[in-house]
Structure formats: structure tokens, C-alpha cells
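Written out below as C-alpha cells is the structure these notes cover.
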Amino acid sequence: MIVVMKPGATKEQVQHVIDLVRDYGLKEHPIYGTDRTVIACIGDKRTVDKGAIENAPMVEKIVPILSPYKMASLEVKKERTQVCIGPNRFPVGGTRVGVIAGPCAVENRDQILEIADKAQQCGCIGLRGGAYKPRTSPYSFQGLGIEGLKILAEAREQTGLAIVTEVIGLEQIESVAEYSDVLQIGARNMQHYPLLEAVGKTGKPVLLKRGMSATLEEFLLAAEYIINAGNPDVILCERGIRTYESYVRNTLPLAIIPALRERTHLPIVIDPSHGTGHAYMVPSMCLAAIAAGADGLILECHPDPEHAASDGAQSITPQILNELMRKIKRVAEAVDREM
Ligand code: PEP
Ligand code: MN
């Protein structure tokens, strides 16, 4: 349920309601808006005396939260969340559209520094690259680990780009958080609940990828785990789902953009690389995603896709990225966004 305070409620009055809510065994999540404060109360409401809370000073009303996800829902928070990332604190989820680019995996220092330079020059806000790779086969390249994280951190020093990199296990959270700006939770881990809770306890923004067979509701409930653990900085990422189609690696359902915008205040980023599996499809899907209201894109880009250690077929070259950025800017402006 949400306790809506009257405009002008004092800090003490808000605290009084919080204390009452805690007395009933619920967890409070106050949201301080521009003209009023609302307190989302999460937990088992059966023992709550709603009348007692309703009668507290400066309480306007109590409204139930109908959706199964609470903190992620538009019912609780009407203003769109902006998640500020990287040394330049770029706000993902505001009026500006941001592009994060980089290889699937960190392969070596030269590769990363070259891509980082090119990405920065053409206006990207972030650099992606996995130091820990969740590979389908145990015999495939598994990533450079901590050495890869150090290379990413060096690229950030050099360019100011926000580093987005995946954390695949609980034991890596501390080191990935130390060297990067955004913790990526991969599609295969979207329902790894202890991992979601653990990244929810770090102060780092999280890029949560939709599981390849997860429904929209399961996706938002996964985001809810992170927010409920104390971290409101969640960026949702659609990366395509598994269907019967074989002309694509995954089917990229862009209709999820308006569907999410109708239900959640969290920023939405699209990954057309995993979402299609083919480099030639990536530019069109980027433009379509921005036209449909996405807040950003995360793309795989490699200086030599033919020799990439992973996901070369879906990686665009820096040259294509450069041409694409100009088109993205034009589409963004056509839908009243900026780059
Ligand atoms: C990746 O970003 O390289 C990756 C493994 O993505 P996903 O979890 O979407 O498959
Ligand atoms: Mn990849």
C-alpha cells in the first residue's frame, strides 16, 4: 500500500508514519516528490490497522498497490527514474538518449583502448565489455577476469566513459563494483535471486537484462528484488527472447518499450546485438528502438568482428557505429529526445 502525505507534511510527521508502518512489521520506502511525500509500504498487510495510519497527522489517504511489483511500478512513483552513470554522471532515463558500445568480451588492452577511444569520439556515454563471460559451453572463452576489469578501468581513465560489465557470481560483486560503474546482470541470471539481492546491496547502478524466456512481469519482479534490497538505480534492458524463429538469434520485441513505459518508471535500454544476432540488423533496430521510446542502447562493437573471441557475428565495426550515431541523433530529435 502507499501512504500519501498531504503537501507540506513535515519531516517529523513523515517519520511518525514510518514508525507506525514499522510497528506493523512493514518495510517503508519513502519517496520525496516535488510537492508531496508518499511512503510505499511493503510486506504482509493483513495485520495492519489502516485506520490508525490514516488518522495520523497530515496523512491524506492510503491506496493499495495493485501490481505484483511495487517499487518498480508507476503506481508508486510517477516521475521517471534517472540513473546517473559513470564519471560524467550521464542521466539514463531523462530526455537524453545514451549509447553504450563495446565488445562482447574484454580480449586485450589494445582492443579495449581502441574501442573506448572510438566510442568516446562518436558520442557514446558508456563502454561495455565482459570480463566474466557466461558462455553456453564450458570450453568457450570465459573472459579475462580481474585483468579484464583493470583494462576497463584504464579505458575509463582515458575516456571518461561509464564502464558497464557483467557480474555472473556472488563472489565477483565486490571486484566488479570496484572497477566498473554499472553492474550488468545477464539474461541467464535474471532469476538468480541471491545475486539480485546482493547487487541491490551495493550502491552501484544495475543494468538488468531480461531473461530469454521471462515474461514482462517476471522481468519487473526481478527489478523489484534489486530495489527492495535498497538499490533504486535499476536500468531495464531488453535483449531479445527465444522464439521459434531461426532468421534471428533472438526475437527483439520492441513493443516491450511502450508496455514497460505504461507500467514502470525505470529507464529502458535496448540491446539489438543479442536481440538479433546479426550485425546487419543492428542499425535498423537501434533506430526503431529510439523511435519507440527507449532511453538508450547497448551495442556490441569490435574493431575486427571476424576475429572476435565471442559474438563477432552480431558486432558492428567502429566505422558503422560512427555512421549510426549520426542517424540515432536524428531519430532521437524527431521524437523530442536529445543525444
Ligand atoms: C552480453 O552482454 O555479452 C551477454 C552475455 O548478454 P545476455 O546476458 O543478454 O546474453
Ligand atoms: Mn555478447
Checklist outcome for this item: With the charge dipole of the chain built from beta-carbon charges (+1 for Lys and Arg, -1 for Asp and Glu) about the Cα centre, the Cα from Tyr179, Val3, Ala308 projecting farthest to the positive end belongs to Val3
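Could you state the per residue volume, in Å³, of the convex hull enclosing the Cα atoms of region 135-213? Numbers along the way, then the final one.
On the way: hull volume 7.9 nm³, N = 79.
So the per-residue Cα hull volume is 100 Å³.
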Checklist entry - Any idea which of Leu149, Leu236, Pro103 is furthest toward the positive side of the dipole for the chain, if Lys and Arg beta-carbons carry +1 and Asp and Glu beta-carbons -1? => result Leu236
Next on the checklist: Which aspartates and glutamates, if any, have their Cα less than 13 Å from the Cα of Lys327, not counting same-chain residues under 8 positions apart?
Outcome noted: Glu338
Item to check | Spatially proximal lysines relative to Lys27 (Cα-Cα < 24 Å; intrachain offsets below 8 disregarded) | outcome: Lys6, Lys11, Lys45, Lys50, Lys61, Lys70, Lys77, Lys78, Lys201, Lys204
Item to check | Per-q log10 I(q)/I(0), region 224-336, q = 0.18, 0.20, 0.21 Å⁻¹ (Debye; single scatterer per alpha-carbon; no solvent) | outcome: -0.94, -1.08, -1.14
Checklist entry - How big is the charge dipole of the chain about its Cα centre, in debye rounded to the nearest 20, if each Lys and Arg gets +1 on its Cβ and each Asp and Glu gets -1 on its Cβ? => result 640 debye
Next on the checklist: How big is the dipole moment of region 2-63 about its Cα centre under a simple scheme where the beta carbon of each Lys and Arg is +1, that of each Asp and Glu is -1, and everything else is neutral? Debye, nearest 20, please.
Outcome noted: 140 debye
Checklist outcome for this item: Taking Cα atoms only, helix 318-334 is inclined relative to the longest principal axis of the chain by an angle, in degrees rounded to 10, of 40 degrees
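Mind ranking 98-104, 205-211, 164-170 by how tightly packed they are, going by the mean number of other C-beta atoms within 10 angstrom, highest first?
98-104, 205-211, 164-170
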Checklist entry - Given Leu208, Thr317, Gly93, which one lies farthest toward the positive end of the charge dipole of the chain, if we put +1 on the Cβ of every Lys and Arg and -1 on the Cβ of every Asp and Glu? => result Gly93
Checklist entry - Given the alpha-carbon gyration tensor of region 150-297, what are the semi-axes of its equivalent ellipsoid in whole angstrom, ordered largest first, with each equal to the square root of 5 times an eigenvalue? => result 24, 19, 14
Checklist entry - By average Cβ neighbour count within 10 Å, what is the ranking of 302-309, 32-39, 314-321 from highest down? => result 314-321, 302-309, 32-39
Checklist entry - To the nearest 10 degrees, how steep is helix 109-121 against the longest Cα principal axis of the chain, on a 0 to 90 scale? => result 70 degrees
Checklist entry - Where a ≥ b ≥ c are the square roots of the eigenvalues of the C-alpha gyration tensor, would you call region 83-334 rounded, which needs a/c under 1.5, or, failing that, prolate if a/b is larger than b/c, or oblate? => result rounded
Checklist entry - Which value does Rg/Rh take for region 1-154 over its C-alpha atoms, Rh per Kirkwood? => result 1.19
Next on the checklist: Using only the Cα atoms of region 2-63, what are the Rg and Dmax in Å?
Outcome noted: 10.4, 32
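We did not get these values from a lab; they are worked out from the coordinates using the rules stated. The shown structure was predicted, so the numbers you read here are calculated from the model rather than taken from an experiment. All Cβ positions, glycine included, derive from the backbone under ideal geometry; neighbour counts span all protein chains shown.
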